[in-house]
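**Q** Take a look at the following structure, please.
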Amino acid sequence: MMKCIFVFACLSIALCLAAPAPEAEIVNLVSDVNADGYSYQFETSDGTKQEQHGSLKNLGPEEDALQVAGSYSYTGDDGQTYAITYIADENGFQPQGEHIPHL
């Protein structure tokens with residue numbers, strides 16, 4: 001299961017680092033992967049920020065799930081800053097933000 005956490009963390013970081021516009025540079029990057037989970041955060045020169053941490057959650061005998069929480073913010077083409085917080089667990093991806101409609 002640790003191998004899955006490591007692969008997920010590496011893929012998450014790789015996808016995040018690929019996301020900024022070509023003119024944006026990474027100005028801060030911190031990451032940590034250990035036996036209990038992982039965490040990372042980064043900021044780009046255009047003000048985009050993201051942080052995430054994840055760990056295994058025991059759902060019962062021989063049943064674990066990856067529980068992830070994080071946030072990200074960016075400036076949209078309209079000049080507005082968008083901020084999203086989220087959790088992802090056995091109940092799915094659950095984002096929250098002022099611009100996200102509530103169901």
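No lab work stands behind these numbers, since they all come straight from the coordinates. Just so we're clear, the structure is a prediction, and the values are computed from it rather than from any experiment. For neighbour counting, all protein chains shown are included, and Cβ atoms are generated from backbone atoms with ideal geometry for every residue, glycine included.
**Q** Could you work out how much longer the chain between residue 98 and residue 80 gets when fully extended? Use 0.36 nm per residue separation minus the Cα distance between them, nm to one decimal.
**A** Details: separation 18, 0.36 × 18 = 6.48 nm, distance 1.17 nm.
So the chain would gain 5.3 nm between residue 98 and residue 80.
**Q** Next question, about the same structure. Count the net charge of all other residues whose Cβ sits under 11 Å from the Cβ of residue 75, scoring Lys and Arg as +1 and Asp and Glu as -1.
**A** Values: positive: 49; negative: 46, 77, 78.
Taking every Cβ under 11 Å from that of residue 75, the sum is -2.
**Q** I've got another one for you. Label-point separation (nm) for residue 28 and residue 56, each offset 7 Å from Cα along Cα-to-Cβ?
**A** 3.1 nm
**Q** Below 8 Å between Cα atoms, with a sequence gap of 6+, how large is the relative contact order for region 30-103 in percent? Each step should come with its number before you reach the end.
**A** Values: 130 pairs, mean separation 13.9, N = 74.
Result for region 30-103 is 19 percent.
**Q** Within 10 Å, count the other beta carbons around each residue, average over each peptide in 46-53, 82-89, 59-66, and list them highest first.
**A** Numbers: 46-53: 16.6, 82-89: 14.9, 59-66: 10.9.
Most protected by this proxy first, the peptides run 46-53, 82-89, 59-66.
**Q** Where Lys and Arg each count +1 and Asp and Glu each count -1, what net charge lies around residue 89 among other residues with Cβ under 15 Å from its Cβ?
**A** On the way: positive: 57; negative: 63, 64, 90.
It works out to a net charge of -2.
**Q** Still on this structure, please answer the following. In terms of modelled amide H atoms, which long-range or inter-chain residues lie less than 5 Å from the amide H of residue 24?
**A** none
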